[in-house]
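Accompanying notes for the structure given below.
The values are calculated or read from the model by the stated rules, or taken from the named source; none is laboratory data. All values reported here derive from a predicted model rather than from experimental measurement. Heads up, the Cβs are rebuilt from the backbone with ideal geometry, glycines too, and the neighbour counts pull from every protein chain shown.
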Amino acid sequence: MSIDIETAARVAKLARIRVEDDALPALAQEFSNILGFIEQLNEVDVEGVEPMVSVEPMRLKRRQDGVTDGGMQDKVLANAPDAREGFFAVPKVVE
Amino acid sequence: MMTDLTSLKISEARDALRKGEVTSVELTEACLKAIDAADALGAFVHKTPEVALGQAKSADDRIKTGDAPDLCGIPLGIKDLFCTKGVPSQAASAILDGFRPEYESTVTSQLFGAGAVMLGKLNMDEFAMGSSNETSTYGNAINPWRRGNDDTALTPGGSSGGSASAVAADLCLGATGTDTGGSIRQPAAFTGITGIKPTYGRCSRWGIVAFASSLDQAGPMTKDVRDAAIMLEAMCGHDPKDSTSADLAVPNFEAMLTGDIRGKTIGIPREYTMDGMPDEIETLWSEGRRMLQDAGATLRDISLPHTKYALPAYYVIAPAEASSNLARYDGVRYGHRAKLAQGDGITEMYEKTRAEGFGPEVQRRVMVGTYVLSAGFYDAYYNRARKVRTLIKKDFEDVFAQGVDAILTPATPSAAFELGKQHSDPVEMYLNDVFTVTVNLAGLPGISVPTGLDRQGLPLGLQLIGRPWEEGDLLNTAYALEQAAGFVAKPSQWW
C-alpha cells in the first residue's frame with residue numbers, strides 16, 4: 001500500500017508531531033515501506049480467530065475502591081517544565 | 001584480596017562476601033574505577049558513585065549481621081528505562097531530559113531491598129526502540145568485542161546495548177534489561193553473555209518506562225546462567241501496582257540448576273532455518289542440538305507454522321501500543337517542552353515538543369502506530385495483527401501439548417554488526433529480531449546463552465524457549481547447554 005503525502009501529513013497531525021512540509025515525501029515513502037512489510041499479514045487465514053486480548057489468561061484482581069495514595073502535590077509537580085501556584089501551566093487553551 | 005574483582009560472577013562474589021574475603025565497598029570501588037576507565041564504551045550514561053557507595057556500606061553492615069540475601073552487596077548496572085528515585089531516568093530520550101523520578105520502579109526496589117548496589121544507569125535505544133543502540137540520545141554504546149585486530153566499532157545490539165556492553169566488559173557484575181521483541185536476548189548474544197526474558201507477568205512493569213505494554217518484560221543480563229537464576233529470582237514477584245503481574249510463587253531458580261536434562265524433549269522448529277542465514281549460525285545451531293542430545297535430551301523436529309508472520313504482526317502491535325503509551329510526553333508534566341513562538345497555542349506546544357524530543361525511529365513508530373489505530377484501518381491492521389498473534393501463540397501451545405519441554409533456536413541471524421551500517425532501511429533493522437520476537441508475542445520465557453565464536457572471533461548465542469511460568473526448568477536446560485558449550489572467551493581490553 002502506498003501512502004501519499006496528504007496521508008502522511010494527517011498521521012503526523014494525529015500523532016501531534018510537527019513534520020515540516022519538505023520532510024513529508026520521505027516520511028510517506030518510509031510509511032509505504034513499513035506498511036508494505038506489514039501487508040504480509042493479509043496472507044494469513046484469520047477466519048474465526050479471536051484477536052488476542054491478554055497473552056496469559058488471568059483474571060484481573062480487584063481491590064477495595066478506596067483512596068490508597070495522595071497528598072503529594074509537590075512531588076507530582078516536581079518535574080513539570082512550568083508549574084505555578086500548585087498547577088501545571090500551559091499556553092492558553094480557550095480563546 | 002582478589003586481584004580482578006570486577007570479573008567475578010554474582011555467585012562468586014556472593015560467596016566471597018559471605019566468607020568475608022571481600023567487602024561490597026571494595027567490589028563497588030573496583031567497578032566504579034572500571035566504569036571511569038570505560039567511557040569509550042558508552043555503556044554507563046549516568047554514574048551514581050555516591051548512591052553506590054552508600055548502598056555498599058549498608059550491604060557490608062547487613063552481611064555482618066548474617067542477614068544477607070544473595071544479591072546483598074552485589075554491584076549492578078540499571079537500564080535507563082527503569083525509574084530510579086532521584087536519579088536521571090530518561091529512556092535514552094531527549095524528551096525526558098532532566099527527569100528525576102520521585103519514585104522507584106518495583107524491580108529496582110526489589111533489587112535494592114535485597115541489598116544490591118546501583119553503579120549507574122545504562123545506555124539503550126531510545127524508548128527501547130531499536131536493535132543496535134544507535135537511536136539513543138546519549139550516542140552509541142559500543143561492543144567490547146572486536147573482529148580480531150580490526151578496530152571497527154561494532155554494535156552491542158539493542159535495545160539493552162549498554163547493559164550488554166557493561167556486563168561483557170566487566171564494568172558490573174550484572175545488569176537489568178528489558179525485552180519487548182528481543183532487547184535482552186539479542187544484545188546478550190552479540191556480547192557473549194546470558195540474558196533471560198521471563199514469562200510475561202513474572203516481573204512487575206511498574207516504574208519501567210512503557211514501550212509496548214503487552215510485550216514488555218524485564219529480565220537480568222549476566223555472566224552466566226547461575227547468575228541469571230539468582231538475579232531473576234530477586235526481580236520477579238507479584239506487584240499489586242501492575243495488574244498484569246502474576247500472583248504466583250517465585251521458585252528458587254538457582255536450586256533448580258542440576259544440569260540433568262535426561263528425558264527432556266527439545267523441539268527444533270523447521271521455520272527457523274532462514275534463507276541467507278550464515279553457515280556459522282547453522283553450524284552453531286546443529287552443535288547446540290548435539291550438545292543437548294549428548295546430555296540426554298531427545299530432539300524432535302517441530303513446526304511453528306506462523307513464524308514468518310511474527311515480525312509483521314509485531315510491527316503493528318508494538319507501534320500501536322507505543323503510540324498510545326508515548327502520548328503522555330506532551331511537555332506538560334515532565335521532561336522537555338519546546339520554546340514557543342508568539343501566538344503558539346497548546347497544539348503547537350505538543351507538536352513542537354514531540355518533534356524536538358523524539359528521535360526519528362521513535363517518531364516513525366509513533367506515527368505508524370497512529371496510522372494502524374486510525375479510523376478505517378483499525379480492523380485491517382491492528383485487529384488482524386492481534387488475530388495473527390493468537391495463532392502464533394497457538395503454534396507454541398500445540399507443540400508444548402505434544403510433550404515438547406523447550407525449543408532450541410539461534411538467538412540472532414548474525415554476529416554483532418558494524419555501527420552505522422543498517423540505517424537506510426528500518427525494515428532491515430527489524431529483521432534482527434526474527435528469532436526472538438515470536439517469544440514476546442506468545443508471552444513465553446526465552447533465554448540466550450553464548451555457545452561459540454564465529455571465524456572473526458565474535459560471540460554467537462543460542463536461544464532456548466520454555467513453557468509459560470517454567471523459567472526454572474528453562475534455566476536448567478540452559479545450564480546444561482552452557483556446561484556442554486564451555487564458553488569462556490572474553491573480549492580483550494582495548495578501551
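Can you find a residue in region B:4-17 that is at pLDDT below 95 and not small (Gly, Ala, Ser)?
Yes, the conditions are met somewhere in region B:4-17.
How many of the residues in region B:98-134 are touching a residue at least 24 places away in the same chain (Cβ under 8 Å), over 16 Å from the mean Cα position of the chain (by Cα) and under 21 Å from B:His336 (Cβ atoms)?
Residues in region B:98-134 being touching a residue at least 24 places away in the same chain (Cβ under 8 Å), over 16 Å from the mean Cα position of the chain (by Cα) and under 21 Å from B:His336 (Cβ atoms): 4 in total.
Restrict the check to region B:82-91 and report whether at least one residue is farther than 26 Å from A:Met72 by Cα, at pLDDT 95 or above and either part of a strand (DSSP E or B) or not aliphatic (A, V, I, L, M) (or both).
no
Output the residue which, of all residues in region B:313-336 that are among the polar types (S, T, N, Q) and more than 8 Å from chain A (Cβ to nearest Cβ), is surrounded by the fewest Cβ atoms within 10 Å (Cβ to Cβ).
The residue in question is B:Ser324.
Per-residue answers, yes or no, for (1) closer than 27 Å to B:Asn123 by Cα; (2) outside any loop (DSSP other than H, G, I, E, B); (3) within 16 Å of the chain's Cα centre (by Cα):
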{"residue": "B:Glu233", "(1), (2), (3)": "yes, yes, yes"}
{"residue": "B:Ala246", "(1), (2), (3)": "no, no, no"}
{"residue": "B:Ala249", "(1), (2), (3)": "no, no, no"}
{"residue": "B:Asn252", "(1), (2), (3)": "no, no, no"}
{"residue": "B:Arg262", "(1), (2), (3)": "no, no, no"}
{"residue": "B:Ile266", "(1), (2), (3)": "no, yes, no"}
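Just give me the residues in region B:45-67 being touching a Ser or Thr at 6+ places or on another chain (Cβ under 9 Å), of a type in the set (S, T, N, Q) and over 24 Å from B:Gly162 (Cα atoms), in sequence order.
B:Ser58
Conditions (1) surrounded by 23 or more Cβ atoms within 10 Å (Cβ to Cβ); (2) within 17 Å of B:Leu475 (Cβ to Cβ); (3) in contact with a Ser or Thr (Cβ under 6 Å, 6 or more places away or on another chain), marked per residue:
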residue: B:Leu171; (1), (2), (3): yes, no, no
residue: B:Pro187; (1), (2), (3): yes, no, yes
residue: B:Thr191; (1), (2), (3): yes, no, no
residue: B:Trp206; (1), (2), (3): no, no, yes
residue: B:Ala210; (1), (2), (3): no, no, no
residue: B:Ser243; (1), (2), (3): no, no, no
residue: B:Leu248; (1), (2), (3): no, yes, no
residue: B:Arg262; (1), (2), (3): no, yes, no
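Which of the residues spanning region B:268-295 are part of a helix (DSSP H, G or I), surrounded by 14 or more Cβ atoms within 10 Å (Cβ to Cβ) and touching a residue at least 40 places away in the same chain (Cβ under 8 Å)?
B:Tyr272, B:Glu280, B:Ile281, B:Leu284, B:Trp285, B:Glu287, B:Gly288, B:Arg289, B:Met291, B:Leu292
Residues are listed down the side, and each one gets a yes or a no for (1) of a type in the set (S, T, N, Q); (2) part of a loop (DSSP other than H, G, I, E, B):
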{"residue": "B:Pro101", "(1), (2)": "no, yes"}
{"residue": "B:Met118", "(1), (2)": "no, no"}
{"residue": "B:Ser132", "(1), (2)": "yes, yes"}
{"residue": "B:Thr135", "(1), (2)": "yes, yes"}
{"residue": "B:Gly148", "(1), (2)": "no, yes"}
{"residue": "B:Pro156", "(1), (2)": "no, yes"}
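Would you mention how many residues in region B:56-71 are buried (at least 24 other Cβ atoms within 10 Å of the Cβ) and part of a helix (DSSP H, G or I)?
The qualifying residues number 2.
With the condition kept exactly as written, say whether any residue in region A:54-63 is more than 8 Å from chain B (Cβ to nearest Cβ) and either among the β-branched types (Val, Ile, Thr) or more than 24 Å from B:Ser213 (Cβ to Cβ) (or both).
no
Please enumerate the residues belonging to region B:194-223 that are closer than 27 Å to B:Leu154 by Cα and either of a type in the set (Phe, Trp, Tyr) or within 11 Å of the chain's Cα centre (by Cα) (or both).
The answer is B:Thr194, B:Gly195, B:Ile196, B:Lys197, B:Phe211, B:Asp216, B:Gln217, B:Ala218, B:Gly219, B:Pro220, B:Met221, B:Thr222.
Report every pair of residues separated by at least 6 positions or lying on different chains whose Cβ atoms are under 8 Å apart, first residue within region A:16-28 and charged (D, E, K, R), second not in a helix (DSSP H, G or I).
Final answer for the pair search is A:Arg16/B:Asp330.
Can you run down the residue pairs with Cβ atoms below 7 Å, 6 or more apart or on separate chains, where the first is in region B:169-190 and within 9 Å of B:Ser159 (Cα to Cα) and free of Cβ contacts under 8 Å to residues at least 12 places away in the same chain and the partner is surrounded by fewer than 24 Cβ atoms within 10 Å (Cβ to Cβ) and among the hydrophobic types (A, V, I, L, M, F, W, C)?
Taking only residues 6 or more apart or on different chains, not a single pair turns up.
Hey, any hits in region B:331-338 for a residue that's touching a residue at least 24 places away in the same chain (Cβ under 8 Å), assigned to a loop (DSSP other than H, G, I, E, B) and of a type in the set (Ser, Thr, Tyr)?
Checked region B:331-338: at least one residue is touching a residue at least 24 places away in the same chain (Cβ under 8 Å), assigned to a loop (DSSP other than H, G, I, E, B) and of a type in the set (Ser, Thr, Tyr).
Just wondering, is there one or more residues in region B:56-68 that are in contact with a Leu (Cβ under 9 Å, 6 or more places away or on another chain) and at pLDDT below 95?
Taking every residue of region B:56-68 in turn, at least one turns out to be in contact with a Leu (Cβ under 9 Å, 6 or more places away or on another chain) and at pLDDT below 95.
Does B:Val368 qualify as being more than 22 Å from the chain's Cα centre (by Cα) and either at the interface with chain A (Cβ under 7 Å from one of its Cβ atoms) or under 25 Å from B:Ile196 (Cα atoms) (or both)?
Yes: the conditions hold for B:Val368.
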